[in-house]
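Derivation of every value follows stated rules applied to the coordinates shown; laboratory data play no part. These figures come from a predicted structure and were not determined experimentally.
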Amino acid sequence: MAAIGIGEMEELLPPEDFCRIHRSYIVGIAHIEWFENSVLRVADQELPIGDAYRLELPRRVKLIPAESQRTRARSAGKSLAVV
């Protein structure tokens, strides 16, 4: 089995379901809990958002405000991602 790079992996994954957020990370869009300028939360882990990917992320993910009843207690000031 040959290893492939993350760039090659990104090309193989469906872009409507996955988003690259950093030179080292690709995440499933449906699993994004929230993100802000430089951090994203997915699967109970906070991951960095690389500068090169920061502008593309909001275009790829539909957001609802963090003030919604569902997120008010947990994520003050952040946005929650939904698909």
Skipping prolines and chain starts, which residues have an amide H placed within reach, meaning under 5 Å, of the one on residue 42, given they are 5 or more residues away or on another chain?
33, 47
Taking θ = phi - 60°, what integer Hz values does the Karplus form 6.51 cos²θ - 1.76 cosθ + 1.60 yield along segment 30-43, in sequence order, with x for Gly and Pro?
5, 9, 6, 8, 6, 8, 10, 3, 10, 9, 10, 10, 8, 6
Amide H to amide H, which residues 5 or more places from residue 50 or on other chains are under 5 Å from it, using H placed in the peptide plane?
22, 23
